[in-house]
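K.L.:
I'd like to ask some things about the structure below.
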Amino acid sequence: MRKTLVQRRQVLTALAAMPLVTAPFIRRASAAEFSFKVAHPLAATHPTNLRLQEAADKIKTDSDGKVELRIFPNGQLGGEVDLLNQVRAGAVEGYVIGGLVVSSVVPAAALDGTGFAFSDASKVWPAADGKLGDYIRSALMNANLYATRTVWDLGFREITTSVKPIKTVDDVSGLKIRVPGAAAYTGLFKALGAAPTSIQFNEVYPALQTKVVDAQENPLGLIVTSKFYEVQKFCSLSNHIWQGNWVLFNGRVWKSLPANLQEIVETRLNEAGRAQRKDLADLDQSFRDTMTKGGIQFNDIDAASFRTKLKAAGYYADVRKAFGDQAFGLLEDAAGGSLG
């Protein structure tokens, strides 16, 4: 009997000492069947990231753990252009990004980012949720990028500078301004007479701090969550471009999801997108308050002088030529009138 007890203890001791890696065939019950990385360039505190994480949690619950979205904020997986290439290749499954960045691959994605096209949000959402959004979404799919139904908000882009307030188009002449790495941004500011420089988003703060550039342009939410106001003095409420963010997935990856799981992901992301739109609208005044307390001076601009400059430079004629009459007509219908 004593010998049997000793043998049992020896066996139990040996089992306890065995590393788990000796049993690779054991699969965790909680492992997701579909685990997707979803990247974006915004700060972890931005409403976009918070709503994405909320959606990811609900998707995991609704799918009984079959689908896992792993959210990577703040450009953790690479710069804007690099990430777009990774998503197209399937190395990263999802990307939340504005159409102007995607336009390097899908030109139509820049349509709703035409300079001074929309006067306010009342024009934006019918366009994004209607025919213009459908047109862009179809073009994205043709490039193997699946876009969920609801466009998320990033907001109207405003100009901040460290040198002077921008009030008329003459004030941007020769201005060293950072823009994202997309031709649509560069083309707009060149037409306005500025000196745009493309810099990756995660390098903008040091570029402003060291005076590589004197200005940048982004929605208020990004200016606050990325703390650009710490290294700028003036914010001109130019509303020169409205930017929405597309929730994109690699097309092949999306098609690999069974239809019932696609529905869960689509439903929860669209729900989160609608909530995120409201978040930004509700936070607009608090963004302004934070920037004012940080020493930023706000001013309005003479928008008519900017539009006149763009028309004279042939900017709108070039946009029409680039997209074609049908697409440009959709934009004008959404904007509520002729753009020139």
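The values are calculated or read from the model by the stated rules, or taken from the named source; none is laboratory data. Computed from a predicted structure; not experimentally measured. All Cβ positions, glycine included, derive from the backbone under ideal geometry; neighbour counts span all protein chains shown. Accessible surface is based on the protein model in full, side chains and every heavy atom, while ligands, DNA and RNA are left aside. Shrake-Rupley method; radii C 1.70, N 1.55, O 1.52, S 1.80 Å.
K.L.:
Taking the inverse of the average 1/r across all pairs of different Cα atoms in region 264-305, what Kirkwood radius in Å do you get?
P.N.:
On the way: mean 1/r = 0.0771 Å⁻¹.
Taking the inverse mean of 1/r over all distinct Cα pairs, region 264-305 comes out at 13.0 Å.
K.L.:
So which of Lys233/Lys321; Lys131/Lys255; Lys58/Lys123; Lys123/Lys311 end up more than 27 Å apart by C-alpha?
P.N.:
Lys233/Lys321; Lys58/Lys123
K.L.:
Amide H of Gly98 versus every other amide H placed in the peptide plane: which residues, excluding those fewer than 5 positions away on the same chain, fall under 5 Å?
P.N.:
Trp246
K.L.:
About the Cα centre, and with charges only on the beta carbon of Lys, Arg (+1) and Asp, Glu (-1), how big is the dipole of region 194-340? Nearest 20 debye, please. Walk me through the numbers before you get to the answer.
P.N.:
Values: 16 positive and 17 negative charges, 46 e Å.
Roughly 220 debye for region 194-340.
K.L.:
Remind me, what semi-axes does region 202-252 give for its equivalent ellipsoid, largest first in whole Å, using sqrt of 5 times each Cα gyration tensor eigenvalue?
P.N.:
Output for region 202-252: semi-axes of 25, 15, 10 Å.
K.L.:
When N counts the residues of the chain, how does its alpha-carbon radius of gyration compare numerically with 2.2 N^0.38 Å, as a ratio?
P.N.:
Against the compact-globule rule of thumb, the ratio is 1.20.
K.L.:
Once phi is turned into ³J(HN,Hα) by the Karplus curve 6.51 cos²θ - 1.76 cosθ + 1.60 with θ = phi - 60°, what whole-Hz value does each residue of region 168-181 show in order, with x for glycine and proline?
P.N.:
10, 4, 5, 6, 8, 4, x, 5, 7, 10, 7, 10, x, x
K.L.:
Of Val319, Asn299, Ala275, which is farthest along the charge dipole of region 246-340 in the positive direction, counting Lys and Arg as +1 and Asp and Glu as -1 at C-beta?
P.N.:
Val319
K.L.:
Still on this structure: Roughly how many whole Å is it from the C-alpha centroid of region 53-128 to that of region 253-311?
P.N.:
For region 53-128 versus region 253-311, the Cα centre distance is 12 Å.
K.L.:
Probe of 1.4 angstrom, ligands and nucleic acids ignored: what's the accessible area per residue over the chain, in square angstrom?
P.N.:
In whole numbers, the chain has 46 Å² accessible per residue.
K.L.:
When the chain is modelled as a GNM with alpha-carbon springs shorter than 10 Å, which of Pro126, Pro258, Pro180 fluctuates the most?
P.N.:
Between Pro126, Pro258, Pro180, it is Pro258 that shows the largest mean-square fluctuation.
K.L.:
Right, another one. Ignoring ligands, DNA and RNA, what percent of the 1.4 Å accessible area of the chain is carbon and sulfur?
P.N.:
53 percent
K.L.:
Then there's this: Taking the Cα centre of region 243-292 as the origin, how large is its charge dipole in debye, to the nearest 20, when only Lys and Arg (+1) and Asp and Glu (-1) carry charge on their Cβ atoms?
P.N.:
Charge dipole of region 243-292: 240 debye, to the nearest 20.
K.L.:
Related question: Sorted from largest down, what three extents in whole angstroms do the Cα atoms of region 188-333 have along their principal axes?
P.N.:
Between the extreme Cα coordinates on each principal axis of region 188-333 lie 51, 42, 28 Å.
K.L.:
With the convex hull built on the Cα atoms of region 180-224, state its orientation-averaged projected area in nm².
P.N.:
Details: hull surface 13.1 nm².
Hull-based average projected area comes out at 3.3 nm².
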